[in-house]
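Trainee: Sending over a structure as structure tokens; questions will come in a sec.
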Amino acid sequence: MPFDVALVTDPRYTAATAAEDDWYLANILEEDRLLREALSGLGISSKRVAWSDPDVNWREFRLAVIRTTWDYFDRYAEFTAWLERVRHEVRLCNPYSTLRWNMDKHYLADLEARGVRIVRSRFIEVGCQVQLSELLDETGWHEAVLKPCVSGGARHTYRVSRENAAELQAVLDDLTRNESMLLQPFEPAIMTVGEDTLMMFAGRYTHAIRKRAKPGDFRVQDDHGGTVEPYEPTPAQIALAEAAIAACDPMPTYGRVDMVLDGDGRDAVMELELVEPELWLRCFPPAAEAFAAAIGAVMK
């Protein structure tokens, strides 16, 4: 029986059940369960499939919703080739152009140009030979965060200071042989307040969570010991998130906006997650209905 919607995942997460000690897969399955039930309530059938499964006939689906393809940045060339091919076989819920734009953190410069407040950013392009110590002097940042422009899960993310800049220079030189990098000021609020994430469907806010790093770390991802708690954002944060999503062209059907207090004590966008965002539906199950409604609107 053909299905209406493909919920696209990583081949590691295709199991229908999780082992008792596998909380990671259990969370993924719970998120998709909530969405599938909400879709079913609208008369929309769905099936979880791996993006790299060669046996999937994408033409059998009316729509593909990329959900948890959390290996894509490690298989970037393969994933982008798949995306280029599959967009001619099935409609993508978030448009192809939006996905490609959001995969590379250069999109932050576009957001800034469109009037969205972002965490200050400096890009280090492939092949550029720059000295981290000189960049710190030039920007006036005592500490900074260095990360690839194509990344996820805090891959190759480093906290840079004048004390370790020389040590990390070799890492930067090695990485920029093949990829562009992003340098941003280290915002101390990430360790005291945390990072706030607002979920957005069809341009509207539904719910938020606050991510906190474990003591002594700055990485908020649960892969690195970070924790998540429900959060009630301020009206200014909701306005910033809605402005960030509205600045995307075309507007995504679903996504999230990550923000942090910057050095001026104002909320600034750290990242938009529009390709395969974790959406914490399990923290606010009614959001699954908003997600399903947004998907249904795309299918009309």
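Trainee: Starting from residues that are touching a His at 6+ places or on another chain (Cβ under 9 Å) and farther than 12 Å from residue 124 by Cβ, keep the ones in segment 136-153 and report whichever is modelled with the lowest pLDDT.
Mentor: To start, the set of residues in segment 136-153 that are touching a His at 6+ places or on another chain (Cβ under 9 Å) comprises 136, 146-149, 153.
Next, only the ones that are farther than 12 Å from residue 124 by Cβ stay: 136, 153.
Details: 136: 94, 153: 68.
So the residue we want is 153.
Trainee: So, one more: Of the numbered conditions (1) buried (at least 22 other Cβ atoms within 10 Å of the Cβ); (2) of a type in the set (S, T, N, Q); (3) modelled with pLDDT under 95, residue 227 satisfies every one except a single condition; which is it?
Mentor: Single failed check for residue 227: (1).
Trainee: Okay, next question. Just for segment 174-198: of the residues that are in contact with a Cys (Cβ under 9 Å, 6 or more places away or on another chain) and in a loop (DSSP other than H, G, I, E, B), which one is surrounded by the fewest Cβ atoms within 10 Å (Cβ to Cβ)? Give the steps one after another, and end with the answer.
Mentor: If we filter segment 174-198 for residues that are in contact with a Cys (Cβ under 9 Å, 6 or more places away or on another chain), which is where we start, we get 176, 179-182.
Keeping just the survivors that are in a loop (DSSP other than H, G, I, E, B) gives 176, 179-180.
Values: 176: 18, 179: 16, 180: 18.
Ranking the qualifying residues of segment 174-198, first place goes to 179.
Trainee: Continuing with this model, one more query. Pick out the one residue from 142, 88 that is surrounded by fewer than 16 Cβ atoms within 10 Å (Cβ to Cβ) and within 28 Å of residue 245 (Cβ to Cβ).
Mentor: The conditions single out 88.
Trainee: Now for a different question. Give the residues of segment 31-55 that are in contact (Cβ under 8 Å) with a residue 40 or more places away in the chain and either in a loop (DSSP other than H, G, I, E, B) or loosely packed, with under 14 Cβ neighbours inside 10 Å (or both), sorted by residue number. Walk me through how you get there before you give the answer.
Mentor: Step one: filter segment 31-55 for residues in contact (Cβ under 8 Å) with a residue 40 or more places away in the chain, giving 31, 34-35, 37-39, 41-42, 44-53.
Across segment 31-55, the qualifying residues are 41, 42, 44, 45, 51, 52, 53.
Trainee: Could you tell me which of the residues 123, 79, 61 is under 26 Å from residue 3 (Cα atoms) and over 17 Å from the mean Cα position of the chain (by Cα)? Let's see the steps before the verdict.
Mentor: Details: 123 fails: under 26 Å from residue 3 (Cα atoms); 79 fails: over 17 Å from the mean Cα position of the chain (by Cα).
Checking each option against the conditions leaves just 61.
The values are calculated or read from the model by the stated rules, or taken from the named source; none is laboratory data. All values reported here derive from a predicted model rather than from experimental measurement. Glycine also receives a Cβ, built like all others from the backbone with ideal geometry; neighbour counts cover every protein chain displayed.
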